[in-house]
Amino acid sequence: MKLVQLSSASLVASVILLTANFGFAQSSAIPSTYPNKPIKFVVPYPPGGGTDVIARIVQEPLSQELGAQIVIDNRGGAGGSIGTDIVSKSPNDGYTVLFTLSSHTINPAIYPKLSFNTEKDFLPVATVASLPQILVANNDFPAKTVKDIVALAKAKPDSISYASVGNGSPGHLAGAMMASAAGIKMTHIPYRGGGPAVTDVMAGQVPLLWVSIPAAANFIKAGKLKALAVSTLKRTPVFPDVPTMAELGFKDFEVDSWYAMFVPAGTSKSIIDRLNQAANKVLSNSSVKEKLLAQGAEAVGGTPEALGKVVSAEIPKWTKVVKEANIKAE
């Protein structure tokens, strides 16, 4: 079954090009008093995870740029839905910001009875960073390449399993897309975090793992895991020798784990502009870029409109993948 995937990176690029001549000019309507108290960043995942790590990298420089303290409030649970729901019901005064990842556009397909509407209840602010998923294997697993995995799966149906950090996670969907496009079957083994999943793959409990780069990078560099492919349309500078799935014949294959900022619907454009300008300035800082890159992430930035285009495109994209792979909530 061929899945035609839309490129969120391409969408971001096209919108940025269209708006480049206008820049990020600050609205004259921005209240001179904003912000005048701490801003809460709700991270809908536990401390120590990828979203939390990225949020804390930009926390201090954003605080300095805005002239107000930023407090991170971790509200994990239900694939990020609990924290996201909290923000949807928060005042739209610019003092509560959702700092989340691309599961934001996956969850509507996984959890059909969400208490909020992903598009209508939030306004986009800025894309902060983009992070590939990486396919890694146990060193003793006989397959040395993605081509080998496909051949082995076809020779021995239902014999291959892969791990991810949870049901409906970007890694889970990357594996489902890989299996669908290759015409093979693989058994998904969900974990509750990258740490336990990496440990079991290294121990040989599960042969394969799709996971964000920070969870596996040190083990790949130490030779404890072998990296086979990345999920983005271009190679990651962290592991430049690792091919993309598109290079390996999986046309338009992309699972882009982006991190972004949103505010409750009804927040004024002037406040969104202020937050967006601050984010873009911080993300242009070389020190911030280096810290993100050390985690395997690339600074993105851009307009609220660019992020909005990505959200609108990815919701139907992931709905199709989830339906075809028959993925259900845990």
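General remarks:
- Entries in K37/K291; K185/K234; K185/K320; K144/K224; K147/K226; K226/K323 that, when Cα-Cα distance is taken, lie over 21 Å: K37/K291; K185/K234; K226/K323
- Quarter of the Cα convex hull surface for the chain, i.e. its orientation-mean projected area (nm²): 15.6 nm²
- For region 70-125, the list of trypsin sites (Lys or Arg not before Pro) that fall in a loop by DSSP and count at most 15 other C-beta atoms within 10 angstrom reads K89, K113, K120.
- Using only Cα coordinates, the Kirkwood hydrodynamic radius of region 232-293 works out to 14.7 Å.
- Ascending count of other beta-carbon atoms within 10 Å, so fewest first, for T199, T303, T51: T199, T303, T51
- The convex hull defined by the C-alpha atoms of region 197-330 has an orientation-averaged projected area of 10.8 nm².
- Cα gyration tensor shape for region 36-154, rounded if a/c is under 1.5, else prolate or oblate: prolate
- Choice from P240, P170, P61 showing the highest fluctuation, given a GNM over the chain with Cα pairs closer than 10 Å: P240
- Averaging the Cα positions of each part gives two centres, and for region 35-100 and region 143-205 these lie 32 Å apart.
- Using the rule -39500 (n - 2.57) for each DSSP H run of four or more residues, divided by the residues of the chain, the 222 nm mean residue ellipticity is -12500 deg cm²/dmol.
- When only the Cβ of Lys, Arg, Asp and Glu is charged (+1, +1, -1, -1), the dipole of the chain relative to its Cα centre reaches about 380 debye.
- Here the extension length gained between K234 and K320 equals 28.6 nm, from 0.36 nm per residue of separation less the Cα-Cα distance.
- Most fluctuating residue given options V87, V242, V300, as computed from a GNM of the chain linking Cα atoms under 10 Å: V242
- Top positive-direction residue, dipole computed over the chain with Cβ charges, set V255, M202, N117: M202
- Cβ-based exposure ranking for L131, L225, L114, L98, in which fewest neighbours within 10 Å come first: L114, L225, L98, L131
- Applying the Karplus relation 6.51 cos²θ - 1.76 cosθ + 1.60 with θ = phi - 60° to region 99-109 yields 3J(HN,Hα) values of 10, 9, 10, 5, 4, 4, 9, 8, 4, x, 7 Hz, where x marks Gly and Pro.
- Here the alpha carbons of region 132-230 define both size measures, Rg and Dmax, at 11.9, 33 Å.
- When you filter the chymotrypsin sites (Phe, Trp or Tyr not before Pro) in region 70-168 for DSSP loop state and at most 14 other Cβ atoms inside 10 Å of their Cβ, nothing is left.
- Maximal additional length on extending the A155-K120 stretch stands at 7.9 nm, based on 0.36 nm per residue less the C-alpha distance.
Any read-out appearing in this document is the output of simple, stated calculations on the displayed coordinates, not a laboratory observation. All values derive from a computational prediction rather than experimental measurement. No Cβ is skipped: glycine too gets one built from the backbone with ideal geometry, and neighbour counts run over all protein chains shown.
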